[in-house]
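A short write-up of the structure that comes next.
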Amino acid sequence: YLAKTGITQVWFPPAYKGNGGKDDVGYGVYDLYDLGEFDQKGSIATKYGTKVEYLVAINAMHNYGIKVLADVVFNQKMGADETEDVIAIEDNPQNRSESLGEPKEITAWTKFTFPGRNDMYSSFKWNWTHFHGTDWDEKTKKNSVYRFYGKHWDELVDKENGNFDYLMGCDVDLNNVDVVEELTNWGKWYLKFCDLDGFRLDAIKHMRESFFKNWVDNMQNSSDKDLFFVGEYWNNNIDILCNYLNKSNQNMCLFDVPLHYNLYNASNSGGNYDMRKIFDGTLVQAMPNNAVTFVDNHDTQMGQALQSEIQGWFKPLAYALILLRESGVPCIFYGDYYGTHGNADSSIKTKINPILFARKLYAYGKQIDYFDDEHIIAWVREGDKEHKNSGLVVIMSDNAGGSKAINVGQNLANCVLSDITGNMKENVYVDKDGNGIFYCDGGSVSVWARK
């Protein structure tokens, strides 16, 4: 079904054993080598199933020509097997550059020995020397930010909270050569063991810039596939994202967070957003070859850490903006397509599908923008010879409905076009020179293609 609709890659959730066993969504990583194979943290399976089921799912995707991206979570580890007494300094959680006292001994959950796995795949054991710090002192039962004595938070990270190296759990020390070697070895093992096609890299703004540049290069050099990498650097500042990409020699893509916030703001502006500026300050505008565009994700939902869910009325417009343009790699959120847990009504599959099919069948050729009105914007894809009947016109408004006179080029000249979203019932007749008048409703999008 996914292949038929035009999905070419699927990003699977973290597949390895988390601190919460079968209840862990995967970001509280316990054992990277346990893909639902060992009896650890109260279960053999992860939340998503067993190792065998994971490998079968990957194989099924490959049978239909769909590539599989694995979610890599390196910043933190949780659920240690044993404690250690360590000298640490408590840092201000709101400003990690400020210490709150003298060094003192804490009891930290930092020993990861993985007894259930019994050295299968790797004999590496983690202890406090492999981390910068942690957030829990078992001795005083206190939650804070504890930096181990003699260690320093990495400087080449995001500057939120003074220094955003530390996020949660036990913060992995990427200055430790043994850690870097182990994470590189694991990546190569994982890539080969599961026949992966690429990676989604979690929380990269919390990790030193040079680490992932080298890790990505190592993965690509160890594979005969052209791997795909996308990093999650959650920052709305386009200069910061471009700087990160340039320092990594543009060897990966990043999620276009600024575009998400533009879409979010447009959906909350009550029809008063200047749609001509919808791509201003975005990654897809600045570095189109390195942008993964998206509307919402698991973190932007209501009640989540980065809550910024785009209003339902605007989502079809947003999906047209990412799916039907020539730049960027668009990513559809599972929750928008299938509905989120406990809220099947949140599915807008019936609205996304026509846009998806339009991408697969018609969205080819030269792109010409008609971003000449504050509220009604449009663009043309003129089509090409490789895709029969290709070419389309997209027109949308965040305010009242209306029309635009548009030239569609010779490929669609002398044709009848209809709105494949079904929002507009009338046809548009294009003359022999390629001219036509195209319409959309208020707060709506219409996608016109050859009838």
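The values are calculated or read from the model by the stated rules, or taken from the named source; none is laboratory data. Remember, predicted model here, so these are calculated numbers, not experimental data. Cβ placement follows ideal geometry from the backbone for every residue including glycine, while neighbour counts extend to all protein chains displayed. Side chains are part of the model used for accessible areas, which takes the heavy atoms of the whole protein and leaves out ligands, DNA and RNA. Shrake-Rupley method; radii C 1.70, N 1.55, O 1.52, S 1.80 Å.
Amide H of Gln9 versus every other amide H placed in the peptide plane: which residues, excluding those fewer than 5 positions away on the same chain, fall under 5 Å?
Excluding prolines and chain starts, which carry no amide H, the hits are Lys67.
In what order, largest first, do Asp165, Asp384, Asp431 sit by accessible area if the probe radius is 1.4 Å?
Ranking Asp165, Asp384, Asp431 by accessible area, largest first, yields Asp431, Asp384, Asp165.
What number comes out for accessible area per residue over region 87-220 if the probe is 1.4 Å? Units Å², please.
About 43 Å² of surface per residue is accessible.
Among the trypsin sites (Lys or Arg not before Pro) in region 289-370, which ones are in a DSSP loop with at most 15 other Cβ atoms within 10 Å of the Cβ? Mind listing them?
Listed in order of number, the matching sites are Lys366.
Taking region 1-84, which chymotrypsin sites (Phe, Trp or Tyr not before Pro) meet the DSSP loop condition and have no more than 10 other C-beta atoms within 10 Å?
Here the sparse-neighbourhood loop sites are Tyr1.
Taking amide hydrogens as modeled 1.01 Å from N in the peptide plane, which residues meet the under 5 Å criterion relative to Asp71, leaving out close sequence neighbours?
Counting only residues 5 or more places away or on other chains, the set is Phe12, Ala15, Arg200.
Where the centre of each part is set by its Cα atoms, how far does region 307-380 sit from region 31-91, in angstrom?
Centre-to-centre distance over Cα atoms comes out at 32 Å.
Taking the alpha-carbon centroid of each part, what is the distance from region 112-157 to region 238-306 in angstrom?
Value for the Cα centre distance between the two parts: 33 Å.
Place +1 on the Cβ of every Lys and Arg and -1 on the Cβ of every Asp and Glu in the chain, take the dipole about the Cα centre, and give the residue among Gly187, Ala449, Thr282 whose Cα lies farthest towards its positive end.
It is Ala449, whose Cα lies furthest towards the positive end.
Could you work out the relative contact order of the chain, using alpha carbon pairs under 8 angstrom and six or more residues apart, expressed as a whole percent?
Answer for the chain is 9 percent.
With a cut-off of 8 Å between alpha carbons and a minimum separation of six or more residues, what is the relative contact order of region 52-107 in percent?
24
Any idea what the dipole of the chain comes to, in debye rounded to 20, about its Cα centre with Lys/Arg Cβ at +1 and Asp/Glu Cβ at -1?
Here the size comes out at about 1540 debye.
If I ignore ligands, DNA and RNA and count only protein heavy atoms, how much of Tyr121 is accessible to a 1.4 Å probe, in Å² to the nearest 10?
It works out to around 70 Å².
If you take every DSSP beta bridge whose two residues both sit in the chain, what share of them, in percent to the nearest 5, is antiparallel?
Just about 75 percent of them are antiparallel.
Hey, if we sort Arg200, Arg450, Arg147 by accessible area with the 1.4 Å probe, largest down, what's the order?
So the residues, ranked largest to smallest area, are Arg450, Arg147, Arg200.
Excluding ligands, DNA and RNA, what is the solvent-accessible area per residue of region 318-449 at a probe of 1.4 Å, expressed in Å²?
For region 318-449, the per-residue accessible area is 45 Å².
Starting from region 95-151, pick out the GluC sites (Glu not before Pro) whose DSSP state is loop and whose Cβ has at most 16 other Cβ atoms within 10 Å.
Answer in residue order: Glu138.
Of all accessible surface on the chain at a 1.4 Å probe, what whole percent is carbon and sulfur?
48
Given Cα pairs under 8 Å that are at least 6 residues apart, what percent is the relative contact order of region 351-451?
Across region 351-451, relative contact order equals 27 percent.
Magnitude of the Cβ-charge dipole of region 129-204, K/R +1 and D/E -1, about the Cα centre, nearest 20 debye?
240
Take every Cα-Cα pair in region 108-154 and report what % of them are more than 11 Å apart.
Percent of Cα pairs beyond 11 Å in region 108-154: 71.
Kindly identify region 314-451 as rounded, prolate or oblate by the Cα gyration tensor criterion: order the square roots of the eigenvalues as a ≥ b ≥ c, call it rounded if a/c is under 1.5, otherwise compare a/b with b/c, prolate if a/b is larger, else oblate.
Taking the square roots of the gyration eigenvalues as a ≥ b ≥ c, region 314-451 is prolate.
Rank these by accessible area, largest first, 1.4 Å probe: Arg276, Arg96.
Arg276, Arg96
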